[in-house]
Amino acid sequence: MEQLKKMNQDELQAELAGKKVVLFFTADWCPDCNFIKPAMPEIEADFPQFTFIKVDRDENIDLAADLGIMGIPSFVAYDDGKEIGRFVNKDRKTKEQVESFLNGLA
């Protein structure tokens, strides 16, 4: 999974153009983030239509705030720069919950 460098919302829009992307907001200190991280390679393999990008919430705190990301881990999906869904809350997420969210994006 690639890591998003520090950027603002306009730069993010340029990055997302022409792609189907899932942003995975996380932080190294977050126990609920660390709970889902081992499942991420399998989730990525199950959804090859998406490019998964890890976003360090602390490094991109302004971007996270601009996007309304208050809890982590969180997932925000885009198609050609347009948001198509979000799984955003402060709760621990299971592989099944993340995959259910992604299946609902069709």
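Laboratory data are not the source of any read-out in this text; all were calculated from the coordinates shown. Since the model is a prediction, treat every value here as computed from it, not as a measurement. Cβ coordinates were reconstructed from backbone atoms using ideal geometry, including for glycine residues, and neighbour counts include every protein chain displayed.
Return only the number of the condition from (1) in contact with a helix residue (DSSP H, G or I) (Cβ under 8 Å, 6 or more places away or on another chain); (2) assigned to a helix (DSSP H, G or I); (3) of a type outside the set (Lys, Arg) that ASP91 does not satisfy.
(2)
Name the residues in the stretch 49-64 that are closer than 18 Å to GLN9 by Cβ and touching an Asp or Glu at 6+ places or on another chain (Cβ under 6 Å), would you?
ILE53
Of the residues that sit in the stretch 39-82 and are assigned to a loop (DSSP other than H, G, I, E, B) and among the aliphatic types (A, V, I, L, M), which one is surrounded by the fewest Cβ atoms within 10 Å (Cβ to Cβ)?
In this case the residue turns out to be MET70.
Could you tell me which of the residues GLY85, GLY71 is of a type outside the set (Val, Ile, Thr), in contact with a Leu (Cβ under 6 Å, 6 or more places away or on another chain) and without any contact (Cβ under 8 Å) to a residue 24 or more places away in the chain?
Every option except GLY85 fails the conditions.
For residues that are in a loop (DSSP other than H, G, I, E, B) and within 14 Å of the chain's Cα centre (by Cα), tally how many sit in the stretch 95-106.
The qualifying residues number 1.
Restricting to the stretch 37-54, name every residue that is in contact with a strand residue (DSSP E or B) (Cβ under 8 Å, 6 or more places away or on another chain) and of a type in the set (A, V, I, L, M, F, W, C).
MET40, ILE43, PHE47, PHE50, PHE52, ILE53
If we scan the stretch 52-65, do we find a residue that is in contact with a Pro (Cβ under 9 Å, 6 or more places away or on another chain) and over 15 Å from LEU4 (Cα atoms)?
No; the residues of the stretch 52-65 include none that is in contact with a Pro (Cβ under 9 Å, 6 or more places away or on another chain) and over 15 Å from LEU4 (Cα atoms).
So, in the stretch 8-38, how many residues would count as being crowded, with 16+ Cβ neighbours inside 10 Å, among the hydrophobic types (A, V, I, L, M, F, W, C) and out of contact with any Asp or Glu (no Cβ under 6 Å at 6 or more places or on another chain)?
10
Taking interchain pairs and intrachain pairs at least six residues apart, which have beta carbon atoms under 9 angstrom, with the first residue in the stretch 29-55 and at negative phi and the second in a helix (DSSP H, G or I) and exposed (fewer than 11 other Cβ atoms within 10 Å of the Cβ)?
Note: pairs meeting the criteria are PHE47/ASN103.
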